[in-house]
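A.B. asks: A single structure is presented below for examination.
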Amino acid sequence: MKRKLILAMLTLVCALAFILRFTVEVGASTSTSWNFKNSNFKSLGTISSTTTVDNLTLVATSSKTMSVKANTVTVDSTSYTYCLAVGGSGSTSYRSVKVPVEGESTIKVILDAAASRTLVVANSSGTQLSTMSATSTAAQATYSYTGSSGYIYLYSSNSNINIYKIQVDYTGSSSSSSSSSSSSSSSSSSSSSSSSSSSVSWNFKDTDFKSLGTITSTTTVDDLTLNATSSKYMQVKANSVTVDSTSYTYMLSLRGGGSTSYRSVKIPTGGACTLKVIADADSKTLAIADANGNRVGSLSISSTAAQYSFSYTGSTSSLYIYSTSCNINIYKIQVDSTSSSSSSSSSSSSSSSSSSSSSSSTTSSAVTTYSALVSAIDSAESAGGGTVYVSGTIACSGQIALSTSNANVTIQGVADSNGQYPVLEFYSFYSNYIGKSTSDSAVGIRITGSYYTVKNLIVQHAPDNGIQLKGSSAKYNKVVDCICRYNNDAGLQITNGAAYNTITNVSSYRNCDIYTLGGNADGFAPKLGAGAGNVFNYCYAWDNSDDGWDSYDKSGDLTPDITYNYCACWHNGDSTTFTGEWDFNEGNDLDTDMLLIKLICAQSSSFATKYAAGTLSLPSSSFIVTESGTLSISSWKSNYDGNPNGFKFGSAYSSSSCVRTVKNCVCWDHDSKGFDNNNSSVTASFTNCMSFDNGYNYYCSPFTMTKWSGVYGFNGSSSDKVPSGYSVSTPSSSKQSTIRSTCTSTAASIIAKCAANKLPGAVTFDVF
């Protein structure tokens, strides 16, 4: 009876705490796993450089390789057919697996080894947290992680270990409430304020940094901005030092005195933090300034490489570091941020030592309705941060507006038992705009604030953009592992001063603006005066009514710099996609989620049935309401305004001050252009790019090129237009066939996952 009373009281306390917004993050139990028999892993073979697949990072070097290979074992009646062979002893720098964790978690690893060996579990700072044992018999090892969101590393302490599967079960939250009892006559309760810390770091030996070489203009890599000019340049170059038993092999050489404008590093911090820098110099001073340029501290750097720390207690969102005089070498930068959270607990103990506990299930803890989602976001914003978990398909009757500065709010989808992710379905919202023009008020998710993260969500049928980041206050936001599809404008747009936003692992497809004849719906649209420092990593655009990527600027606009890493686009700007003709000719099922197909089916009740029976019978009447009047399908197509381009880098108003950095990007199957200048004269850097089967594969004259390395193309309908002195390499005929096959099969895998409401993650097109 006493226990029931205690539990009832605790339930009441928790309910009151939620109402009063003492705690805003809803705890959820979610699970993410990586099985090395999955196609994205088993095709890797020997791994000689750091590789990320589905958010799991395999850390390797040319001399410290790992490999994925066939090997069959059975654990608890489950068969595993491929393993990651780590190949030998490792560290956080090589022969290790970097595993994302969202906070309190249980890490499960299926593993074995030729003899008894030890798998180390370390945090992002390299500190050993625990170990797991590997024996000659494959088994599951488990570790309970109690830290904050970030990463852990797994590596062998000596010889090879085979890893078949890694699973992370997320069980905690930054704001929590718990109760336990141990059968006692005495009881106590406590309420405390605890702190939740997170860490992010940048090591200049990482591939994206060490390939930079001489830096002559402001460059952003993984949210870290390196400020340089042609006369005040910096360099990333090889140099080996060892600090606390950790080897660092590349450094950023500042090369002289700097300021917040040049020869400096701009570091995102989000407020109070501990800044850690691995550096050396000949007794020089490293200045630290806030986002307003005010000096807030300094570090005295000696000739012996070491870690230097500075505690920042201010509130600005970023810090600058630069030398006050001569050169300083920087090997690694780390930011440990700290934010407070509330917790309340109640416990009792007694001689009988019985206990009970309860945990929230995914379905009970995640919001499942539009009103609950809007309310939960409002609560998190009001409380200064938190995570809102989303589950199932949510019918959204209006916009999701994210407008708070320094929100520190994450909206995160939770997969169901089939691995399918939540859908934010805006069709009821869109139905109010059929045959009408739209505006910002018709966007699905509209971000005008800062420090939001939108993660693991599918956004579809919005009346305008699926996701839009707009305005000078829209900074330092992240969109991660999302799908934007079937929207009535661009899948994702960044515009009007929105800056330093990072878009990672996002797929955008079959977006089409019917009313405006397909001329606006790009896959991704960082355009019309988007701000500086916007980055796209592992993003994919296909079957959109306009371009794959569009950076069009009007007079008075300026989109200064955009970075594209490992992005791909194919088959954009084809009007027949949206009438069903292209799918019909390809032998695909009718895609009834496309907005124009919905109109066609409403006009002709037999259209879908005939399509399924092998007959394409499009209605001939005029029924499509557009800005040009009510049109038939043939008239809509003849007036079609979409551009069949891949990457469009600007417009006639985009000058050489606009920088486009393109790395490891692929595009094909566009009737007009693959990489398109669109009359712009931007400054560009191309590294490892592939373009084929387009009208023009490269139409990049008169770009100012700062780098042109590993640029390939073939089978363009027209000859490439590139600046004088530059040329496109043509692969051999046999290699062309392999490239085309690889891209087609990789794209098919991405498409299939999206169609099944599963997230493709970071997929690499292996064509170089």
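A.B. asks: Looking at the stretch 591-607 only, could you name the residues that are within 19 Å of Asp513 (Cα to Cα), without any contact (Cβ under 8 Å) to a residue 24 or more places away in the chain and over 30 Å from the mean Cα position of the chain (by Cα)?
C.D. replies: The answer is Ile597, Lys598, Cys601, Ala602, Gln603.
A.B. asks: Return the total of residues in the stretch 707-721 being open to solvent by 20 Å² or more (accessible area, probe 1.4 Å) and hydrophobic (A, V, I, L, M, F, W, C).
C.D. replies: Final tally of qualifying residues: 1.
A.B. asks: Please work out which residue is nearest to Thr32 (Cα to Cα), limiting yourself to the stretch 466-487 and to residues that are open to solvent by less than 10 Å² (accessible area, probe 1.4 Å) and either assigned to a loop (DSSP other than H, G, I, E, B) or out of contact with any strand residue (DSSP E or B) (no Cβ under 6 Å at 6 or more places or on another chain) (or both).
C.D. replies: For the stretch 466-487, the residue satisfying everything is Asn477.
A.B. asks: Just to be sure before I move on: is Val221 under 21 Å from Tyr151 (Cα atoms) and either open to solvent by 20 Å² or more (accessible area, probe 1.4 Å) or without any contact (Cβ under 8 Å) to a residue 24 or more places away in the chain (or both) in the structure I sent?
C.D. replies: It is false that Val221 is under 21 Å from Tyr151 (Cα atoms) and either open to solvent by 20 Å² or more (accessible area, probe 1.4 Å) or without any contact (Cβ under 8 Å) to a residue 24 or more places away in the chain (or both).
A.B. asks: Can you give me the number of residues within the stretch 620-630 that are in contact with a Phe, Trp or Tyr (Cβ under 8 Å, 6 or more places away or on another chain) and open to solvent by less than 40 Å² (accessible area, probe 1.4 Å)?
C.D. replies: So the count comes out to 2.
A.B. asks: Can you name every residue in the stretch 277-315 that is basic (Lys, Arg) and open to solvent by less than 50 Å² (accessible area, probe 1.4 Å)?
C.D. replies: Residue satisfying the conditions is Lys284 alone.
A.B. asks: Can I ask one more? So, in the stretch 49-68, exactly how many residues are closer than 16 Å to Asn160 by Cβ and of a type in the set (Gly, Ala, Ser)?
C.D. replies: Looking only at that region, the number is 3.
A.B. asks: What's the number of the condition Val414 fails, among (1) modelled with pLDDT of 95 or more; (2) among the hydrophobic types (A, V, I, L, M, F, W, C); (3) within 21 Å of the chain's Cα centre (by Cα)?
C.D. replies: Of the numbered conditions (1) modelled with pLDDT of 95 or more; (2) among the hydrophobic types (A, V, I, L, M, F, W, C); (3) within 21 Å of the chain's Cα centre (by Cα), the odd one out for Val414 is (1).
A.B. asks: Let me ask you something else. Filter the stretch 663-676 down to residues that are open to solvent by less than 10 Å² (accessible area, probe 1.4 Å) and either aliphatic (A, V, I, L, M) or part of a loop (DSSP other than H, G, I, E, B) (or both), then give me how many there are.
C.D. replies: Residues meeting the conditions: 2.
A.B. asks: Let me ask something else. Can you find, within the stretch 686-706, the residue that is most open to solvent (accessible area, probe 1.4 Å) among those that are over 17 Å from Cys567 (Cβ atoms) and of a type outside the set (Val, Ile, Thr)?
C.D. replies: Selected residue: Pro702.
A.B. asks: I would also like to ask the following. For the stretch 442-465, what are the residues that are within 13 Å of Val423 (Cβ to Cβ) and not in a strand (DSSP E or B)?
C.D. replies: Gly444, Asn456, Leu457, His461, Ala462
A.B. asks: Could you please give the count of residues in the stretch 246-260 that are in a strand (DSSP E or B), open to solvent by 50 Å² or more (accessible area, probe 1.4 Å) and farther than 17 Å from Ser91 by Cα?
C.D. replies: 0
A.B. asks: For the stretch 283-365, give me every one of the strands (runs of 3 or more DSSP E) that falls completely inside it and has 1 or more residues that are modelled with pLDDT under 50.
C.D. replies: Strands (runs of 3 or more DSSP E) meeting the threshold: 329-349.
A.B. asks: Condition first: more than 22 Å from Val388 (Cα to Cα) and surrounded by 21 or more Cβ atoms within 10 Å (Cβ to Cβ). Can you find one or more residues in the stretch 444-460 that meet it?
C.D. replies: The answer is no, given that none of the residues of the stretch 444-460 is more than 22 Å from Val388 (Cα to Cα) and surrounded by 21 or more Cβ atoms within 10 Å (Cβ to Cβ).
A.B. asks: Also: Go through (1) open to solvent by 40 Å² or more (accessible area, probe 1.4 Å); (2) part of a strand (DSSP E or B); (3) under 25 Å from Asn688 (Cβ atoms) for Ser230 and report which single condition fails.
C.D. replies: (2)
A.B. asks: Tell me, which residue of the stretch 195-211 that is in a loop (DSSP other than H, G, I, E, B) and modelled with pLDDT under 90 is farthest from Ile321 (Cα to Cα)?
C.D. replies: Once the filter is applied, the top-ranked residue is Ser211.
A.B. asks: Then there is this: Exactly one condition in (1) open to solvent by 40 Å² or more (accessible area, probe 1.4 Å); (2) not in a loop (DSSP other than H, G, I, E, B) is not met by Lys436; state its number.
C.D. replies: Going through (1) open to solvent by 40 Å² or more (accessible area, probe 1.4 Å); (2) not in a loop (DSSP other than H, G, I, E, B) one by one, Lys436 breaks only (2).
Residue by residue, here is whether (1) of a type in the set (A, V, I, L, M); (2) within 19 Å of Arg446 (Cβ to Cβ); (3) free of Cβ contacts under 8 Å to residues at least 40 places away in the same chain holds:
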position	(1), (2), (3)
Ser375	no, yes, yes
Ser391	no, no, yes
Ala395	yes, yes, yes
Leu402	yes, yes, no
Val423	yes, yes, no
Ser428	no, yes, yes
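Rundown of residues vs (1) among the small types (Gly, Ala, Ser); (2) part of a strand (DSSP E or B); (3) open to solvent by 30 Å² or more (accessible area, probe 1.4 Å), yes/no style:
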site: Trp636; (1), (2), (3): no, no, no
site: Gly642; (1), (2), (3): yes, no, no
site: Tyr653; (1), (2), (3): no, no, yes
site: Thr661; (1), (2), (3): no, yes, no
site: Asn678; (1), (2), (3): no, no, yes
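A.B. asks: Next question. Can you pull out the residues in the stretch 80-100 that are buried (at least 21 other Cβ atoms within 10 Å of the Cβ) and part of a loop (DSSP other than H, G, I, E, B)?
C.D. replies: Result: Val86, Gly90, Thr92, Ser93, Arg95.
A.B. asks: Which residues, taken from the stretch 219-248, are among the acidic types (Asp, Glu) and under 28 Å from the mean Cα position of the chain (by Cα)?
C.D. replies: Of everything in the stretch 219-248, those that are among the acidic types (Asp, Glu) and under 28 Å from the mean Cα position of the chain (by Cα) turn out to be Asp222, Asp223.
A.B. asks: Further, regarding this structure: Which of the residues belonging to the stretch 371-386 are open to solvent by less than 20 Å² (accessible area, probe 1.4 Å), under 16 Å from Asn406 (Cβ atoms) and not aliphatic (A, V, I, L, M)?
C.D. replies: Correct list: Gly385, Gly386.
A.B. asks: Moving on to the next point. Looking at Lys637, Lys663, can you tell me which residue is of a type in the set (Lys, Arg) and either over 16 Å from Phe578 (Cα atoms) or without any contact (Cβ under 8 Å) to a residue 12 or more places away in the chain (or both)?
C.D. replies: Within the list Lys637, Lys663, the selection yields Lys663.
A.B. asks: Kindly evaluate Gly710 against the criterion of being free of Cβ contacts under 8 Å to residues at least 12 places away in the same chain, under 30 Å from Ile215 (Cβ atoms) and of a type outside the set (A, V, I, L, M, F, W, C).
C.D. replies: Considered against the rule, which asks whether it is free of Cβ contacts under 8 Å to residues at least 12 places away in the same chain, under 30 Å from Ile215 (Cβ atoms) and of a type outside the set (A, V, I, L, M, F, W, C), Gly710 comes out as no.
A.B. asks: Next question, about the same structure. Just to be sure I understand the filter: pairs with C-beta atoms under 6 Å, separated by 6 or more residues or on different chains, first member in the stretch 36-61 and surrounded by fewer than 18 Cβ atoms within 10 Å (Cβ to Cβ), second member among the acidic types (Asp, Glu). Which pairs pass?
C.D. replies: That search, which allows pairs on different chains as well, returns nothing.
The values are calculated or read from the model by the stated rules, or taken from the named source; none is laboratory data. These figures come from a predicted structure and were not determined experimentally. No Cβ is skipped: glycine too gets one built from the backbone with ideal geometry, and neighbour counts run over all protein chains shown. Surface areas here come from the heavy atoms of the whole protein model, side chains and all, with no ligands, DNA or RNA. Shrake-Rupley method; radii C 1.70, N 1.55, O 1.52, S 1.80 Å.
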